[in-house]
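Structure record follows, encoded as structure tokens.
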Amino acid sequence: AKYLLNSYHVQFPELRTKYYPAVKAEIAATGMLASPTGWVRKFFGNIHKNSRILRGAVAHSSQHLSVELLNEEFFALYQICLESNGELRLKGQIHDSNLWQVKAEREEYYDKLIEEKCKSSCIVKGKLMVIPNDTKRGIYWNDLKKQ
């Protein structure tokens with residue numbers, strides 16, 4: 001596990017050299033960390049002495065943002081479902097995916113509509129961050145293919 005973690009940091013050295021120290025400094029000074037959308041998490045304990053605090057802190061912003069944007073897309077999908085007269089059915093949310101079911105003859109129409117209405121984006125440190133959709137189709141979960 002240590003080898004894999006270290007190999008990850010070889011690809012992204014700025015995490016250890018810039019991001020981790022910035023997170024530590026913010027928590028040491030304020031006891032809090034804000035996500036890009038403004039939600040604040042309070043941390044208890046000494047960030048310099050407790051590595052568990054640091055692990056939770058460095059994951060907070062990205063994981064919180066991912067979930068918040070996914071939830072916004074889920075709500076947009078729900079609105080599309082309400083207007084679809086039963087052609088599109090929202091099935092659920094699993095980890096980082098929203099799942100839906102659509103009549104075969106309407107797949108392309110709803111793929112385009114969902115692509116238009118479910119675009120995740122957010123301003124992060126003054127820059128627009130866009131998370132593209134990755135639509136896949138299939139009868140069974142393990143048969144899903146990228147479109």
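The residues packed around Leu113, meaning those with a beta-carbon under 10 Å from its beta-carbon, carry a net charge of -2 if Lys and Arg are +1 and Asp and Glu are -1.
Membrane-span-like helices in the chain, defined here as complete DSSP H runs extending at least 24 Å along the helix axis by their C-alpha atoms with mean Kyte-Doolittle hydropathy no lower than 1.6, are absent; this is a sequence and geometry rule, not a statement about a membrane.
Counting only residues at least eight positions apart within a chain, or on another chain, the aspartates and glutamates with an alpha carbon under 19 Å from that of Lys117 are Glu68, Glu72, Glu73, Glu83, Glu87, Asp96, Glu107, Glu108, Asp134.
Summarising the overall dimensions of the chain from its C-alpha atoms, the Rg and Dmax are 19.5, 59 angstrom. Ranked from largest to smallest solvent-accessible area, with a 1.4 Å probe on the protein heavy atoms, His64, His9, His95 come out as His95, His64, His9.
Cross-linked pairs Lys42/Lys127; Lys42/Lys136; Lys119/Lys146: Cα-Cα separations exceed 27 Å for Lys42/Lys136.
For the pair Cys122 and Arg52, a Förster radius of 35 Å applied to the C-beta separation gives a FRET efficiency near 0.80, rounded to the nearest 0.05. Within the listed set Glu105, Glu68, Glu26, the residue fluctuating most in the Gaussian network model of the chain (springs between alpha-carbon atoms under 10 angstrom) is Glu105.
The values are calculated or read from the model by the stated rules, or taken from the named source; none is laboratory data. Model, not experiment: these values are computed from the prediction. Cβ sites come from the backbone with ideal geometry, for glycine too, and all protein chains shown count toward neighbours. Only protein heavy atoms, including side chains, enter the accessible area calculation; ligands, DNA and RNA are left aside. Shrake-Rupley method; radii C 1.70, N 1.55, O 1.52, S 1.80 Å.
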